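The values are calculated or read from the model by the stated rules, or taken from the named source; none is laboratory data. The structure displayed is predicted, hence computed values, not measured ones. FYI the Cβ positions are ideal-geometry reconstructions off the backbone, even for glycines, and counts take in every protein chain you see.
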Amino acid sequence: MQKKRWINLFLLSLPLWVGLLSGILAQSFLQPELPVLFQTDLGIAAFVFGGVVRQWALFAFALGFLVSLVLVFLYYWDIRSVRQAKILIMESLREGEQSRRSFLRRLDHEIKNPLMGLRAALVNLQESQAADERQHAVENAGRAVARLSRLLADLRKLSDLGERPIERARVDVPDLLQDAVDAAHVLPAYDGREVSLLIPRVPSPFPSVTGDRDLLVLAVYNLIENALKFTSAEDSVEVRASEDGQAMVIEVADSGVGIPEEDVPKIFEELYRGSNTLSTEGSGLGLALVKRIIALHDGKVHVRSSQAEPRGTVFTIRLPVTKRG
Amino acid sequence: MSPERSTLLLADDDPTIADSLAPFLERAGFHVLVVSDGLSALEKAQAHHPQLIILDVLMPRMDGREVLRRLRRSHIWTPTILLTQVGEASERALALEEGADDYLNKPFDPHELLARIRAVLRRARPGERSLSAAWLLTATDLSLDRRARRATLDGETIDLTPKALAVLEYLMTHPDEAITRERLLEAVWGWEYPAGTRTVDTRMAELRRALDDDPAKPRFIETISGEGYRFIAHVEAEG
């Protein structure tokens with residue numbers, strides 16, 4: 001590698017050596033006052049200039065030096081760019097590997113808890129004679145199976161989303177938000193709660209978006225479910241829509257305790273659980289699904305959250321508005 | 001022959017699944033033959049002529065899909081339920097294309113499998129090609145070309161979204177059968193959806209509009225209150 005670099009440097013400095021050699025030869029073997037003429041024919045125009053040998057020797061040396069200087073500069077610039085590209089690739093590979101490892105670590109955690117519950121329930125079923133204890137063990141096993149099934153179903157959704165094309169139809173936004181709010185009624189966390197749906201009356205009719213209605217309902221539903229899970233009965237949850245001519249803006253906001261600052265950049269990662277969500281039910285894939293669905297619709301989702309007054313969390317989805325016509 | 005005495009061939013390479021499902025199905029009154037690879041499934045199906053085959057997709061020696069293809073190529077039309085392990089959309093589409101009578105995603109409730117077995121056996125026409133294996137389905141003036149993914153009504157092509165077309169396909173391959181919204185969701189959408197009931201109803205409304213089918217006086221799709229839907233027109237298979 002080192003040897004190759006020296007060879008390259010020698011080749012790049014060849015113009016310098018040629019210039020130097022020409023200068024020495026001119027100085028040593030040509031008469032000092034002999035005029036030298038350069039003529040360059042450029043079609044119509046012809047340039048003629050002359051000089052003496054000494055000047056020509058100096059000119060050849062200077063030209064060779066400059067050409068070599070430029071070539072060496074370009075060479076090192078190129079080496080630097082390649083090195084920077086290599087560093088970027090290595091960093092991205094390292095990040096990919098880290099993300100894969102952390103996903104596997106989280107998956108291990110998500111599986112082992114319900115599996116542990118299932119094993120304990122089976123032991124209780126085997127060893128207990130009391131009917132109520134056996135019934136309790138069956139119920140626990142059922143809950144563990146339900147949790148594993150939910151995790152598997154969400155993992156399947158995530159993997160399916162990358163593989164199948166999504167439907168591209170005109171979607172009525174107020175209608176889709178109403179469906180998502182209605183669907184949330186069955187959630188245990190909805191009990192005794194109210195989710196406000198705020199749709200502006202102007203413009204009318206409200207602009208639509210293009211995409212897969214079912215997936216968009218799922219994305220908004222996941223955000224509502226999230227808001228209900230991490231807030232108490234006294235808190236408010238709002239779903240609102242607006243448009244700014246360029247994009248449809250859908251927000252799911254709550255007045256809950258907020259997300260710790262260090263968790264905010266990571267909450268859309270697959271199976272990530274924030275420090276205040278460890279004991280909460282869920283697959284840990286809900287927000288990752290939201291991000292994937294919105295990206296498939298050429299949109300963006302982001303979150304802002306505050307744990308200090310005024311506290312709360314707002315998830316914002318921006319989707320391109322369907323062009324009229 | 002009542003379904004309770006029917007012989008089922010269950011092919012699954014996972015012993016924990018086969019060992020748990022076989023006694024469950026035996027308790028339900030079936031005689032169950034169990035095999036753990038695709039080639040054995042093919043041999044047993046040809047030798048024992050079961051009334052129904054339950055095939056896993058990913059199996060050693062020969063996958064379930066290939067078993068089904070070979071059976072159909074030999075004109076063996078035994079009703080078959082395909083158990084898809086991965087549950088990908090492409091796999092479900094292929095399951096239909098290759099003439100599986102029904103399919104069920106793992107993990108499933110064994111009672112759901114039992115319900116499917118009974119439904120498939122009920123509509124089976126012994127020795128005849130099933131509607132699920134036909135490329136062209138017709139019901140009065142409605143026809144569905146499954147290969148071209150096109151439906152026509154009275155000779156005119158009707159404009160349907162891919163999902164609505166898939167719903168129509170599922171209904172026409174399961175005529176005269178009460179189909180719940182949950183089952184349609186699993187079969188056509190492949191996932192559980194939070195707003196599942198409304199999701200199905202929205203597509204059904206689109207389908208009815210396209211078919212000019214009045215829910216009060218249906219020619220094709222009947223609503224079964226509290227249950228789901230039923231395709232009521234007589235369906236013929238061609239091709």
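Annotations for the structure displayed:
- Long-range neighbours under 6 Å by Cβ, at least six apart or interchain, first residue in contact (Cβ under 8 Å) with a residue 60 or more places away in the chain and under 26 Å from A:K157 (Cα atoms) within the stretch A:219-247, second assigned to a helix (DSSP H, G or I) and among the polar types (S, T, N, Q): none
- Pick from the stretch B:195-228, criterion assigned to a strand (DSSP E or B) and aliphatic (A, V, I, L, M), ranking: modelled with the highest pLDDT: B:I221
- Test for A:E133: is it farther than 23 Å from A:V303 by Cβ, modelled with pLDDT of 90 or more and more than 14 Å from chain B (Cβ to nearest Cβ): no
- Residue check for B:S40: part of a helix (DSSP H, G or I), touching a Lys or Arg at 6+ places or on another chain (Cβ under 9 Å) and of a type outside the set (A, V, I, L, M, F, W, C): yes
- Each residue in the stretch A:138-161 was checked for being farther than 17 Å from A:I293 by Cα, at the interface with chain B (Cβ under 10 Å from one of its Cβ atoms) and not charged (D, E, K, R), and 4 of them qualify.
- Evaluating B:L144 against the criteria (1) surrounded by fewer than 16 Cβ atoms within 10 Å (Cβ to Cβ); (2) in a strand (DSSP E or B) leaves one unmet condition, (1).
- Hey, A:R143 within 28 Å of the chain's Cα centre (by Cα) and in contact (Cβ under 8 Å) with a residue 12 or more places away in the chain or not: no
- Among the residues listed as B:L160, B:L165, the single one being within 14 Å of chain A (Cβ to nearest Cβ) and free of Cβ contacts under 8 Å to residues at least 24 places away in the same chain: B:L165
- Going through (1) without any contact (Cβ under 8 Å) to a residue 60 or more places away in the chain; (2) under 23 Å from A:V181 (Cα atoms); (3) not basic (K, R) one by one, B:E186 falls short only on (1).
- Given (1) without any contact (Cβ under 8 Å) to a residue 24 or more places away in the chain; (2) within 14 Å of chain B (Cβ to nearest Cβ); (3) outside any helix (DSSP H, G or I), index of the condition A:Q178 fails: (3)
- In summary, A:F206 fulfils each of the numbered conditions (1) free of Cβ contacts under 8 Å to residues at least 40 places away in the same chain; (2) in contact with an Asp or Glu (Cβ under 6 Å, 6 or more places away or on another chain) with the single exception of condition (2).
- Lone unmet requirement of (1) farther than 24 Å from A:R106 by Cβ; (2) assigned to a loop (DSSP other than H, G, I, E, B) for A:V249: (2)
- When each of A:V123, A:V145 is tested for being among the β-branched types (V, I, T) and either touching a His at 6+ places or on another chain (Cβ under 8 Å) or farther than 18 Å from A:G284 by Cβ (or both), the lone residue that passes is A:V123.
So that you can scan it fast, the table gives a plain yes or no per residue for (1) within 13 Å of chain B (Cβ to nearest Cβ); (2) part of a loop (DSSP other than H, G, I, E, B); (3) over 28 Å from A:G274 (Cβ atoms); (4) among the small types (G, A, S):
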residue	(1), (2), (3), (4)
A:V186	yes, yes, no, no
A:R193	no, yes, no, no
A:S196	no, no, no, yes
A:R201	no, yes, yes, no
A:P205	no, yes, yes, no
A:Y221	yes, no, no, no
A:L228	yes, no, no, no
A:A241	no, no, no, yes
A:G245	no, yes, yes, yes
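- Just one of (1) over 30 Å from A:I224 (Cβ atoms); (2) under 16 Å from the mean Cα position of the chain (by Cα); (3) within 14 Å of chain A (Cβ to nearest Cβ) fails for B:L185. It is (1).
- Selection over the stretch A:162-174 of residues that are surrounded by fewer than 16 Cβ atoms within 10 Å (Cβ to Cβ) and more than 7 Å from chain B (Cβ to nearest Cβ) gives a count of 7.
- Per-region count, the stretch A:117-137, residues loosely packed, with under 12 Cβ neighbours inside 10 Å and either touching a residue at least 12 places away in the same chain (Cβ under 8 Å) or of a type in the set (S, T, Y) (or both): 0
- Taking the conditions (1) within 19 Å of B:P110 (Cβ to Cβ); (2) in contact (Cβ under 8 Å) with a residue 40 or more places away in the chain in turn, B:H48 satisfies each one other than (1).
- Selected residue [in contact (Cβ under 8 Å) with a residue 24 or more places away in the chain and within 11 Å of chain A (Cβ to nearest Cβ)] from B:E192, B:E206: B:E206
- Residue-level analysis places B:R219 among those that are more than 10 Å from chain A (Cβ to nearest Cβ), charged (D, E, K, R), touching a residue at least 24 places away in the same chain (Cβ under 8 Å) and closer than 29 Å to B:R125 by Cβ.
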